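Asker: Quick one: this structure, given as structure tokens, is what I'll be asking you about.
The values are calculated or read from the model by the stated rules, or taken from the named source; none is laboratory data. Predicted model only: the values in this text are computed from it and were never measured. With ideal geometry, Cβ positions are generated from the backbone for all residues, glycine too; neighbour counts draw on all protein chains shown. Note: accessible area is taken over every heavy atom of the protein model, side chains too, but ligands, DNA and RNA are not part of it. Shrake-Rupley method; radii C 1.70, N 1.55, O 1.52, S 1.80 Å.
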Amino acid sequence: MREEIEKLIAEIGGLKCRTLKEVEEARVRFLGKKGEVTKLFDEFRAMDKEAKKEFGRALNELKNSAMAKIEELKGSVADDSSSDGPKADLTMPGDPFELGSRHPVSIVRQEIVDIFRKFGYDVAEGPEIEDDYHVFEALNFPQNHPARDMQDTFFISAGHPNPLLLRTHTSSVQVRAMETMKLPIRVICPGRVFRNEAISARAHCIFHQVEGLYIDEGVTFADLKQAILLFAREMFGPETEIRMRPSYFPFTEPSAEVDVSCNICHGKGCNICKGTGWLEILGCGMVDPNVLEASGIDSTKYSGFAFGMGLERIAMLKWRVNDLRHYFENDMRFLKEFNTAVEV
Ligand code: DAH
């Protein structure tokens, strides 16, 4: 038996294979059900105690070295499953990697951030899971305001005095900015927001906003108007006009909604602007003194303006996308249309 073991150890040690098929044949020859190593184990089982003592360890070593050798050979030979066909031509150029492109919402977000950076604004971000205080309370939402209703807001821990929820707007980040930043404050806050809305061509339960906030001594509505006009001209072209319509938001007083002149029909009226010549792009206003005071800012000394806009909406106007759902479905045919918009 000892001689056989030694002979097999030498044989296995010197094994050479060129293909996976040969490795498999070697495995069967030594370790298969009727393999040579297996056969020795069968003999071993029939031996008496003394003989078992003598050969047990040597046999185990044989088996282990056979298994290790087979593994080693497997790793070192090439897969020959296609060896009948032509060999790979290593001089052929490789398959090109498909280049990705930025998502249209990211492109618009970056454009807006770049424009406001030029005006001296910092970028701030806040949590998507927020509390009632930062989304509503500190923004002067009366207790029974409909936006607090379960229909609009995804609550995480309802029933709590300050429940956790998914933020419904990025205005919560202006509260966090007022709490933490030194005055004067000039920030824009891009981010994802959530509303409990039925998904349709014009509404989605997830979308993106950019919030802007400027607080200093002596900030007036004229500053707001100028900032929005400059932004609109950078974003939609130098000919763009804006118009402000009175509106209501709990956190601003006075409040306005801003339209830009339709850059498709230039005011003549088309189906994008529904014949009006104007497109609504954002909400804004002078920060309500209650909001300043809630974050510890002296409203007799400081004033400010804020604005907020939906990124999907701006992207829809820019590229004339007519269905909001396109932004979330990851359809490559849609996403590829923005390939050319990537600046390297
Ligand atoms: N938070 C508002 C919304 O989600 C948008 C908004 C309007 C933000 C007016 C503002 C603002 O800062 O002044 O509809």
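Asker: Hey, can you tell me all the residues within the stretch 270-280 that are open to solvent by less than 40 Å² (accessible area, probe 1.4 Å) and of a type in the set (A, V, I, L, M)?
Answerer: The one that is open to solvent by less than 40 Å² (accessible area, probe 1.4 Å) and of a type in the set (A, V, I, L, M): LEU279.
Asker: From (1) under 31 Å from the mean Cα position of the chain (by Cα); (2) buried (at least 21 other Cβ atoms within 10 Å of the Cβ), pick out the condition that doesn't hold for MET332.
Answerer: (2)
Asker: Contact list please: Cβ distance under 6 Å, first residue in the stretch 98-116 and over 28 Å from GLN226 (Cβ atoms), second residue outside any helix (DSSP H, G or I), pairs at least six apart or on different chains.
Answerer: Here the result reads SER101/VAL342; ARG102/VAL342, each pair linking the stretch 98-116 to a residue that is outside any helix (DSSP H, G or I).
Residues checked against (1) more than 31 Å from the chain's Cα centre (by Cα); (2) away from the ligand (no atom under 12 Å from the Cβ); (3) in a helix (DSSP H, G or I):
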{"site": "ARG245", "(1), (2), (3)": "yes, yes, no"}
{"site": "ASN271", "(1), (2), (3)": "yes, yes, no"}
{"site": "LYS301", "(1), (2), (3)": "yes, yes, no"}
{"site": "MET316", "(1), (2), (3)": "no, yes, yes"}
{"site": "ASN322", "(1), (2), (3)": "no, yes, no"}
{"site": "HIS326", "(1), (2), (3)": "no, yes, yes"}
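Asker: Moving on. Quick one: in the stretch 247-269, of everything that is more than 32 Å from the chain's Cα centre (by Cα) and open to solvent by 50 Å² or more (accessible area, probe 1.4 Å), which residue is farthest from the ligand (Cβ to nearest atom)?
Answerer: LYS268
Asker: If you check ARG117 against the conditions, is it outside the structural domain of HIS169 (by TED's automatic domain parsing), outside any loop (DSSP other than H, G, I, E, B), open to solvent by 80 Å² or more (accessible area, probe 1.4 Å) and out of contact with any Leu (no Cβ under 7 Å at 6 or more places or on another chain)?
Answerer: Judged against the criteria, ARG117 is not a match.
Asker: Further question: Search the stretch 17-36 for residues being assigned to a loop (DSSP other than H, G, I, E, B), free of Cβ contacts under 8 Å to residues at least 24 places away in the same chain and open to solvent by 80 Å² or more (accessible area, probe 1.4 Å), and hand back the single one that is nearest to GLU71 (Cα to Cα).
Answerer: LYS33
Asker: Which of the following residues is assigned to a helix (DSSP H, G or I), open to solvent by 50 Å² or more (accessible area, probe 1.4 Å), modelled with pLDDT under 85 and among the basic types (Lys, Arg): LYS63, LYS52, LYS39?
Answerer: The conditions single out LYS52.
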